[in-house]
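Q: Here's a structure for you.
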């Protein structure tokens, strides 16, 4: 993105040219990264940006082509959430982040593929079929923001927005060899993000470098009165320079190297941590005791909230409705049976069960308590370290349909990303190496709330001293 | 025959008089074209989020304080999940475990006795839209104007033991809401709705009987009828050896009966859980005290004050305090003219008659005009009957009483000679009555005065007429 902005000003390249070329490239795309491409809208925005740049406007986002995950509402552009039930849905309003990007002159190039309603980590459950990993087309790009991650990695946009409920930005960023940030809960407005699990969802930026991610984060962060969970945090002005890592205490939790972590991922991660150490960081051996309960609590809370959040897709006001049913309840049943895919149905059922009379205390309430324990774990952890480092995922990108019939194994892959969602903390995934199949490996850094600056600038320093983020598929 | 105790608890939904809805900026106005007061939020579009209207909390605290409740400092909003076409999100945002107010009471009067009715809880929630069915086509429509209109749900203890108490409680609560200016109390438009839980048990028994829930009673009269019907129905069932079923029943105005809507087994599991889109709402002491400081004088306090300060009978004070505006009107009159009972009489008859058609704020007869009219009567310038006509004209055209009297020749005949001539004629044409009067049947005085009034078309000064007739007959 920074490179694009520079080209607009110092080379004879205009947003109009670039977006036109990009649209042509997207047409040739075989990754299935996009669900909808807004050719007319993006050309119009590009022309507008071209004029503004000619007039000397220096806003960095001007004319920057951004891809948006298809669960973020865009006025007049279909927003399907990768679901049949919303396949014909066109929002009547823009999400807060879209308003922000538009007002800065960014070009919303199109809507990217995802797991249906962002429920998944493979981008295979969408109604338009799977997105392929640019590094190996037989593999998953990760998910649920797989379309956004693949589009960034394949150069089909300059940056992208994803959403992260349990790792949906960081895991695909890791699988696709790029940088993805899950910001602090409350730092980016959720208004217009189609809710999956409201207390965990957060919109975040995905790009090729920590600097680009920082620029995109600046464009979307900030208080929004339309989101009651949004926080009016006074961020210090962003700096696009790395920091001196000397003396930075980086905690490496023992349980982040538990069973299930692939040897090759561990190898690359250890080497990444060594790089940080060589740059002057102090590595702190520590642990997050309750991490082992993270996945279980997450799938109760997330699914419980989802079961309620997805109740509005009833065929009454918008979306696909099964016609010619005999009664109201038949209309509901058949609309939802036809409109939702299996994974979404599975989660609605699990969540409904967890909230049912007699089970609430046993499941939802208990999970909420675990959540509090985890929050306390991290609070004390940040007493002895400034950042926490670990793997983003236990494995690298796997075959597209390797785990279709094994939802539980897929859920368990979220073990390292889930804690940041349950605690609301900011976390980033940056490329830190390649496995033996030449697939990217991601390193995750977690910071105290609202310390995205620390995450991003540490990542910048890391990227200034490594080349993993520069390798293209 | 067994004698039964009746146990009634009431749930009232009061629509609040906020300008905007509880979670979005749409207008709450009633009667606008369908779906004109809507936005993505109250239509439950994908991706929208609720933002709480602070006014709703203020109103809730107001009612809580007025009904002696304790105000919860930590408020949680919960989702009540169920499917219905008028419920756009598939859940209603309400309060479950942590309601705004708890453990209050309201004193009611029945048969001249005061009874305290407990208030279990008051909580905030959003209203649903409205389904409209065209049976002929057949098609159903949904109007979402009401979706997201703020409600207070007021749940009473099962403290009422008969229909009169239930109605008295509802009237008292309604008056309270109107006094606090937080609800217009309009039952027909649905801004004050009531559900009843009702059961019977053998007299003195400790254990409650199985209750039914009654819905769809949109007037005090219907509440009365529905409860009476339900009590008889339950007694008949029990007396014939059958059991009352736990169920929800609807009052059918056409059939004058309650009809089963759904039995307990069909009832929903609402799967309540805290709404993650709304943070816990913390109400500090200062917030509560600020509202307490602005509470108006409440009906009960006002009634006792009126009895004491103005020496009015209970009947008068009940009528005068039925709304804040009416009692204010009365008190404005008393500051101009210190004749509270006389003013009260006028308000209870003529003013209230006009108020049937219009709002007190629109009435053309100002306190100045009314008190002037009363003064004119006291001074003998016009008779009471004439004053009624003057009042009607004031009410219709807003003219001053003096102007009406002067323009219409309505001034009383206070000329003694004129009046004496008329009286002589009347007495001459009623010799029999004159004889009876003289033999001691003095109550005939009224008859003679009436005849004089008739002959003068009400213009005779009644006091003077009295005196003259007496003078003539009692010589």
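Each value in this text was obtained by applying a stated rule to the coordinates, not by laboratory testing. Since the structure is predicted, the reported quantities are computational estimates derived from the model, not experimental observations. Cβ coordinates were reconstructed from backbone atoms using ideal geometry, including for glycine residues, and neighbour counts include every protein chain displayed.
Q: Over all residues in B:272-284, what is the mean tally of Cβ atoms on other chains that come within 10 Å of each residue's Cβ?
A: Counting other chains' Cβ atoms within 10 Å and averaging over B:272-284 gives 4.
Q: Once you place label points 7 Å from the Cα toward the Cβ at residue A:11 and residue B:328, how far apart are they in nm?
A: If labels sit at residue A:11 and residue B:328, their model points lie 7.3 nm apart.
Q: Can I get the semi-axes of chain A's equivalent ellipsoid? Compute them from the C-alpha gyration tensor as square roots of 5 times the eigenvalues, in angstrom, largest first.
A: They are 31, 29, 20 Å, listed largest first.
Q: For chain B, take the longest principal axis of its alpha carbons; what is the angle in degrees between that and the long axis of helix B:384-397, to the nearest 10 within 0 to 90?
A: That works out to roughly 50 degrees.
Q: Turning to a different aspect of this structure: Between residue B:305 and residue A:28, what is the label-point separation in nm under the 7 Å Cα-to-beta-carbon projection?
A: Spacing of the two 7 Å Cα→Cβ label points: 8.5 nm.
Q: Report the FRET efficiency, 1/(1 + (r/R0)^6), for residue B:54 and residue A:236, where r is their Cβ-Cβ distance and R0 is 30 Å, rounded to 0.05.
A: 0.45
Q: Can I ask one more? Which angle from 0 to 90°, rounded to the nearest 10, does the C-alpha axis of helix B:445-455 make with the longest principal axis of chain B?
A: Long axis of B:445-455 versus the principal axis of chain B: about 90 degrees.
Q: Quick one: which of A:361-372, B:53-64 comes out on top by average Cβ neighbours within 10 Å, and what's the full order, highest first?
A: Numbers: A:361-372: 16.5, B:53-64: 21.4.
In decreasing order of mean packing, A:361-372, B:53-64 become B:53-64, A:361-372.
Q: Next question. Residue A:263 to residue A:88: extension gain in nm, 0.36 nm per residue of separation minus the Cα-Cα distance?
A: 58.5 nm
Q: If I stretch the segment between residue B:137 and residue B:74 completely, what's the gain in nm (0.36 nm per residue apart, minus their alpha carbon distance), one decimal?
A: Here the segment from residue B:137 to residue B:74 would lengthen by 17.7 nm.
Q: Per residue of A:189-199, what is the mean number of Cβ atoms on other protein chains within 10 angstrom of that residue's Cβ?
A: For this peptide, the per-residue mean of nearby foreign Cβ atoms is 4.
Q: Calculate, for residue B:285 and residue B:466, the FRET efficiency according to 1/(1 + (r/R0)^6) with r their C-beta to C-beta distance and R0 56 Å; round to the nearest 0.05.
A: The formula returns an efficiency of 0.30 here.
Q: Beta carbons within 10 angstrom, averaged per residue: use that to sort the peptides B:462-468, B:392-398, B:40-46, A:465-471, highest first.
A: Top to bottom by mean Cβ count within 10 Å: B:40-46, B:462-468, B:392-398, A:465-471.
Q: Oh, and also: Which whole-number percent gives the relative contact order of the stretch A:214-307, counting Cα pairs below 8 Å spaced six or more residues apart? The partial results should precede the final answer.
A: Values: 60 pairs, mean separation 27.5, N = 94.
So the answer I get is 29 percent.
Q: Moving on. Roughly how many Å is it from the Cα centre of the stretch B:20-88 to that of the stretch B:271-317, as a whole number?
A: Going from one Cα centre to the other spans 20 Å.
Q: Mind checking the angle between helix B:163-179 and chain B's longest principal axis? C-alpha axes, 0 to 90 degrees, to the nearest 10.
A: The helix B:163-179 is inclined about 90 degrees to chain B.
Q: Students often get this wrong: which residues of the stretch A:283-316 have the backbone nitrogen under 20 Å from the point 7 angstrom along Cα-to-C-beta of residue A:330?
A: Label zone hits: A:314-316.
Q: Now, a different point. Helix-only mean residue ellipticity at 222 nm, chain A, DSSP H runs n ≥ 4 weighted -39,500 (n - 2.57), per residue, nearest 500. What is it?
A: Numbers: 15 runs with 175 residues, N = 473.
Calculated mean residue ellipticity at 222 nm is -11500 deg cm²/dmol.
Q: May I pose another question? Rank by packing, highest mean first: peptides A:121-127, B:117-123, B:134-140, with packing defined as the count of other Cβ atoms within 10 Å averaged across residues.
A: Packing proxy ranking, top to bottom: A:121-127, B:117-123, B:134-140.
Q: Could you please rank B:454, A:84, placing first whichever residue has the fewest other Cβ atoms within 10 Å of its Cβ?
A: Details: B:454 11, A:84 19.
Going from least to most buried by this count: B:454, A:84.
Q: Another question about this same structure. Determine the relative contact order of chain A: mean sequence separation of Cα pairs under 8 Å and six or more apart, normalised by residue count, in whole percent.
A: 18 percent
Q: Under 8 Å for C-alpha pairs, at least 6 residues apart: give me the relative contact order for chain B, rounded to a whole percent.
A: The value is 14 percent.
Q: How high is the FRET efficiency between residue A:287 and residue A:408 when r is their beta carbon distance and R₀ equals 30 Å, given to the nearest 0.05?
A: After rounding, the FRET efficiency stands at 0.75.
Q: Take every residue in peptide B:38-44, count the Cβ atoms of other chains within 10 Å of its Cβ, and give the average of those counts.
A: Shielding by partners across B:38-44 averages 3.
Q: Measuring from label point to label point, each 7 Å out along Cα→Cβ, what is the residue A:362 to residue B:3 span in nm?
A: 4.9 nm
Q: Would you kindly state how much longer the chain becomes between residue B:349 and residue B:259 on full extension, computed as 0.36 nm times their sequence separation minus their alpha carbon distance, in nm to one decimal?
A: Length gained, residue B:349 through residue B:259: 28.3 nm.
Q: Within the stretch A:78-114, whose backbone N sits under 14 Å from a point 7 Å along Cα→Cβ of residue A:39?
A: A:110
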